[in-house]
Amino acid sequence: MQIEIRPTLVVQSQAEGRGSIDLIWLSRLLKDIGSGSSLVVASKKSGSSYRGAWGKLNQVEASLGMPLIVRTKGHGSILTEFGTFFLQFIDEMQANHHESGNAYQDVLLKEIKKIEKSESARWKFLSSSDSIIQRAVAEVKGFDLKIAGSGESLEKLLNNEAHIAGYHVSDEKSSKAIHRRLSKSEIQIYPVMKRTQGLIVKKGNPLRIRSIDDLIDRKVRFINRQIGSGTRLLLDTLLMEEGIEPSDINGYLHEEFTHSAVVNAILASKADVGMGVKNVAMENGLGFVPLRDEIFFIAMHREMASQSDASKLIRKIRSYSGETPGYKAVSLNRQIEGWL
């Protein structure tokens, strides 16, 4: 890849030939996103349509081979490490335009190589959605976290597509079955925290939702989690125990991928109730109907367990869960006797 720095970014590609990107437009867009604006708002400020801005960003990222922003459903967009660097890079270049463009070119290529090297060295961590997990990973460097359902996370670990997996279970029978399967592959399992799952409802619980049975009221709009998530599995288990057909729930097929996305749907009055963890409801001033406690586990291959980064991550998760409402730290197998 050949990069030439001018008022526009010129990229030479064998497949698409020569192309250019307006750095002034890109700088304004990234600044707005960096200051908290959504891509929709930032695109309007830059004089582009949402679709146009999305397409240009994709072109920039494909050309550079590096992501500038992270788009997460239900969370909006934030700048990546490289996106922050690239924004500062543009500003410096514009402020010091009299200096040689070749010097900036060397800095840019060196930064790309540095981040590519650090990214390739990171441990791949797939985990069920949880704010404690995300907070711990942000503190302990070296992990590349991807949010996925408990089932997908474990499958990726078993297929050697991940170094570490985070999953949660709400009953001893399921926990033992998972433990047996992972143990056959010599995977180490560490209980890290207990949390409470339940029904997240609007403040004051105006529809007086008290149990799973109340979800069959057609006036109640439900927002579900995606297939493969531990929360979805818990809901389906509870429905089966109560003899409730999923089709009887208004909104059962409407899915979100994180606890925060469920909360946002309720806050936006797109739904009245959804399944999620207690602390997310509390942090957003919503009501909560507890249904079942569950154990969150961290699993990894034996080689990964010997890494100091893995020990740091587990300690950080336990530390944060011990000080967060709705959670309880679990550090010993005897604390969950019968689950393994």
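The values are calculated or read from the model by the stated rules, or taken from the named source; none is laboratory data. Small disclaimer: the values here were computed from a predicted structure and weren't measured. Ideal geometry is used to build each Cβ from the backbone, glycine not excepted, and the neighbour counts take in all protein chains shown. The area values use the complete protein model at the heavy-atom level, side chains included, leaving out ligands, DNA and RNA. Shrake-Rupley method; radii C 1.70, N 1.55, O 1.52, S 1.80 Å.
Look at His259 and say whether it is open to solvent by less than 10 Å² (accessible area, probe 1.4 Å) and under 20 Å from the mean Cα position of the chain (by Cα).
Here the answer is yes, as His259 does meet what is asked.
Within the range 70-90, can you find the residues that are part of a strand (DSSP E or B) and modelled with pLDDT under 85?
Arg71, Thr72, Gly76, Ser77 - these are the residues of the range 70-90 that are part of a strand (DSSP E or B) and modelled with pLDDT under 85.
Among the candidates Lys156, Lys176, Lys184, single out the residue that is open to solvent by 20 Å² or more (accessible area, probe 1.4 Å) and within 25 Å of the chain's Cα centre (by Cα).
Lys156
Out of the range 270-303, which residues are surrounded by fewer than 20 Cβ atoms within 10 Å (Cβ to Cβ) and of a type in the set (D, E, K, R)?
Selection gives Lys270, Glu283, Arg292, Asp293, Arg302, Glu303.
Search the range 126-142 for residues being within 13 Å of Lys316 (Cα to Cα) and not aliphatic (A, V, I, L, M), and hand back the single one that is surrounded by the fewest Cβ atoms within 10 Å (Cβ to Cβ).
Only one residue fits best here, namely Lys141.
Do you know which of the residues in the range 91-117 that are of a type in the set (Asp, Glu) and open to solvent by 50 Å² or more (accessible area, probe 1.4 Å) is modelled with the lowest pLDDT?
So the residue we want is Glu99.
Identify all residues within the range 162-174 that are modelled with pLDDT of 95 or more and in a helix (DSSP H, G or I); write none if there are none.
none
Hey, any hits in the range 62-69 for a residue that's over 30 Å from Ser150 (Cβ atoms), within 25 Å of the chain's Cα centre (by Cα) and modelled with pLDDT of 85 or more?
There is at least one residue in the range 62-69 that is over 30 Å from Ser150 (Cβ atoms), within 25 Å of the chain's Cα centre (by Cα) and modelled with pLDDT of 85 or more.
Residue by residue, here is whether (1) free of Cβ contacts under 8 Å to residues at least 60 places away in the same chain; (2) of a type in the set (D, E, K, R) holds:
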{"position": "Val220", "(1), (2)": "yes, no"}
{"position": "His254", "(1), (2)": "yes, no"}
{"position": "Ala261", "(1), (2)": "no, no"}
{"position": "Gly276", "(1), (2)": "no, no"}
{"position": "Arg302", "(1), (2)": "no, yes"}
